Amino acid sequence: MTTLSIDHVSRWFGNVVAVNDVTMTIGPGVTGLLGPNGAGKSTLINMMAGFLAPSTGSVTLDGATIWRNEQVYREIGIVPEREAMYDFLTAREFVVANAELHGLANPGEAARKALATVEMEYAQDRKVATYSKGMRQRVKMASALVHEPSVLLLDEPFNGMDPRQRLQLMDLLRQMGSDGRTVLFSSHILEEVEQLASHIEVVVAGRHAASGDFRKIRRLMTDRPHRYLVRSSDDRALASALIADASTAGIELDWHEKALRIQAIDFTGFTELLPRVAREQGIRLYAVSPSDESLESVFSYLVTA
């Protein structure tokens with residue numbers, strides 16, 4: 001089980017602080033790295049990949065310092081956001097070259113397997129210069145996978161991919177996480193992170209803002225009202241009984257959804273109140289669902305805090 005550890009890491013460029021005293025641990029499974037543009041995501045990934053040295057703090061892989069330690073590249077695969085590639089090579093030549101740099105016993109076979117994994121065999125003998133952005137992304141992915149790393153770092157890997165390519169890559173990353181590999185990816189498309197990541201790390205203005213399952217993060221935000229959509233056998237009677245309690249801040253009847261929209265300011269109090277009132281009033285509850293526990297809602301709350 002391979003673990004990346006970032007311990008009180010800061011990184012500045014002149015007078016600009018890109019990352020400010022960040023501590024986090026990335027373990028096996030799929031982790032999504034989120035933050036607004038300029039939040040420090042790429043700088044963090046570059047330090048995890050050994051491309052940048054921390055100004056202060058340490059970045060380690062299973063206890064070994066990553067900066068200027070070429071041995072860690074046996075375990076790390078990297079898909080950078082930058083487009084820079086050797087366009088005069090074919091995809092097969094590019095991935096074989098990376099296999100040779102890793103000193104693999106059979107570079108040709110390793111490259112064939114990696115290109116097949118990302119479904120690029122059909123175009124492997126075309127020059128990279130002729131590829132679309134999505135195809136170039138998949139070749140970078142094949143290059144990162146050629147030595148079968150235990151850690152995969154991906155900076156905006158879905159950029160330029162069509163829907164089918166995106167789904168294929170999501171399935172691949174999900175499988176790698178299930179197999180016990182450590183996968184970290186950044187994405188500005190929240191739906192992708194919500195579908196794929198079992199764990200999220202959020203950075204805002206260079207600082208570490210949140211960590212964990214986004215639903216649990218939402219429940220810990222006690223300063224924000226929790227919003228619910230509730231369907232029952234008697235919405236009016238239920239609303240009358242709930243509005244009098246201090247755990248609710250507002251209730252409205254949604255005619256379109258044929259349900260109540262409820263703002264609860266006391267999460268624990270409301271979750272105890274709702275079933276008790278329904279039982280006392282003889283009201284059947286058909287559905288009780290949080291309406292603001294999506295990753296989009298949680299991310300919005302974090303970046304505007």
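The values are calculated or read from the model by the stated rules, or taken from the named source; none is laboratory data. Note that this is a predicted model, so its numbers are computed, not measured. All Cβ positions, glycine included, derive from the backbone under ideal geometry; neighbour counts span all protein chains shown.
Here is how the numbers come out for the structure above:
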quantity	calculated
Long-range neighbours under 6 Å by Cβ, at least six apart or interchain, first residue within 12 Å of Ala249 (Cβ to Cβ) within the range 261-284, second part of a loop (DSSP other than H, G, I, E, B)	Gln263/Pro225; Ala264/Ser247; Ile265/Pro225; Asp266/Ser247; Gly269/Ser247; Phe270/Ser247
Qualifying residues in the range 1-55 (those that are free of Cβ contacts under 8 Å to residues at least 40 places away in the same chain and among the aromatic types (Phe, Trp, Tyr)) - the one farthest from Glu201 (Cα to Cα)	Phe13
Which listed residue, of Val30, Val95, Val17, Val9, is crowded, with 16+ Cβ neighbours inside 10 Å and under 21 Å from Ala111 (Cα atoms)	Val95
Tally of residues being buried (at least 18 other Cβ atoms within 10 Å of the Cβ) and farther than 16 Å from Gly29 by Cβ across the range 152-165	6
Residue satisfying condition, being within 22 Å of Leu169 (Cβ to Cβ) and surrounded by 15 or more Cβ atoms within 10 Å (Cβ to Cβ), within set Leu52, Leu104, Leu44	Leu44
Check on Glu75, of a type in the set (Asp, Glu) and within 26 Å of Asn20 (Cβ to Cβ)	no
The lone exception for Thr65 - which of (1) farther than 26 Å from Leu104 by Cβ; (2) free of Cβ contacts under 8 Å to residues at least 12 places away in the same chain it fails	(1)
Those helices (runs of 4 or more DSSP H) lying entirely in the range 223-305 with at least 3 residues modelled with pLDDT of 90 or more	235-243, 267-281
So Leu115, is it assigned by TED's automatic domain parsing to the domain that holds Val72, surrounded by 19 or more Cβ atoms within 10 Å (Cβ to Cβ), of a type outside the set (Ser, Thr, Tyr) and touching a residue at least 60 places away in the same chain (Cβ under 8 Å)	no
Residue list for the range 228-241, restricted to those being buried (at least 17 other Cβ atoms within 10 Å of the Cβ) and under 37 Å from the mean Cα position of the chain (by Cα)	Tyr228, Val230, Arg231, Ser232
Subset of the range 145-168 (residues that are assigned to a helix (DSSP H, G or I) and out of contact with any strand residue (DSSP E or B) (no Cβ under 9 Å at 6 or more places or on another chain))	Pro163, Arg164, Gln165, Arg166, Leu167, Gln168
Lone qualifier among Leu104, Leu115, Leu184, Leu145 - being modelled with pLDDT of 95 or more, closer than 26 Å to Ala39 by Cβ and not β-branched (Val, Ile, Thr)	Leu184
